Structure formats: C-alpha cells, structure tokens
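Below is one structure, written out as structure tokens, with a few remarks after it.
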Amino acid sequence: MRILVINGPNLNLLGVREPDIYGRETYADLLAKIQKHADARGVEVDFVQSNHEGALVDAIQSAFGTADGIIINPGAYTHTSIALPDAVKAVGVPTVEVHISDPDTREPFRRISYIRAACAATVKGHGTDGYCEALDILLSLWEARA
C-alpha cells in the first residue's frame, strides 16, 4: 500500500508556529513519526508540503494511479478552497482529512471544512498522532476492499 501525505500552508513551521496550539514537534519530527508508523505496518509513504494551493491540487492529482490513499492537512485552505475537494473527488483516491488541533473548538471561520465532504474520514484534535490514526483508517479501508 502507498499513501501520499499532503500538508498545506504553514505546516512546515511546526514547532515554531503557535506551539501552544500545534505543539513543539517540528515538521521533521512529524515526518519521522509518520514514516515509523508506516514502516511498522508495511506501508509506503510519500510526503508533500506546500504553501500554495495549486501545488496541493497538483499533489492530489499526482495520486491518481500511484497512491492507494491520501492523508491531507490542508491548513487554512480547509476553510477556503473549493479546488482541493474538487481534486480529491476527481482522482477518486480514498482521502482522510487531518487537523492537529480541533478546528471546531476554535474561531467560527475554522469550523467550515470544504474538503470534509470529499473525504472518507476526518481526524481532528489528536495532535500529530492524528496522522497515524489517518494512516490506520486508510489501511483498514484498503484491506476491506481487498
């Protein structure tokens, strides 16, 4: 199984950006955690991070025919982008939305997620461990289809 992990704007600043909300783990720590979890389950993972919406759309499209699942934390594009859910729907690759914090407990504008309707599941408010939960969800979906 191959999973593409996509991170949106400002996630490259983990550990620096609002550590009281997003924690002190760095982006490199996050990738290492996901890689270790994937390795333990025999899953291949690829990583993409961009602060640009079009690059995230390109990443989603690149999953067509090459990935069995997508884990995406769209960052602020969660609340603003129609292009991201359109891309997820277009490629038909099972996708799990992840948020380190719980957007539903924050400012009202963060409670809107355009991508959620295009995703098989959402994991929110579990810190960076949510990415590992998302991987396990995708693995379960993949095993159920086999």
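The values are calculated or read from the model by the stated rules, or taken from the named source; none is laboratory data. Treat the numbers as computed from the prediction; the structure is a model and nothing was measured. Because the Cβ atoms are built from the backbone with ideal geometry, glycine has one as well, and the counts that use them run over all protein chains shown. Quick note on the areas: whole protein, heavy atoms, side chains included, nothing else; ligands and nucleic acids left out. Shrake-Rupley method; radii C 1.70, N 1.55, O 1.52, S 1.80 Å.
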Residue in region 35-49 that is small (Gly, Ala, Ser) and under 18 Å from residue 101 (Cα atoms) present: no
Residue match in region 102-122 (condition: surrounded by 17 or more Cβ atoms within 10 Å (Cβ to Cβ), at pLDDT below 95 and not hydroxyl-bearing (Ser, Thr, Tyr)): yes
Unique match (being more than 20 Å from residue 146 (Cβ to Cβ), of a type in the set (A, V, I, L, M) and surrounded by fewer than 18 Cβ atoms within 10 Å (Cβ to Cβ)) among 87, 32, 59, 40: 32
Single condition residue 143 does not satisfy, out of (1) outside any helix (DSSP H, G or I); (2) open to solvent by 30 Å² or more (accessible area, probe 1.4 Å): (1)
Residue that is in contact (Cβ under 8 Å) with a residue 60 or more places away in the chain and either open to solvent by 60 Å² or more (accessible area, probe 1.4 Å) or more than 20 Å from residue 135 (Cα to Cα) (or both), where the choices are 82, 21: 21
Check on residue 14, over 23 Å from residue 140 (Cα atoms) and open to solvent by less than 60 Å² (accessible area, probe 1.4 Å): yes
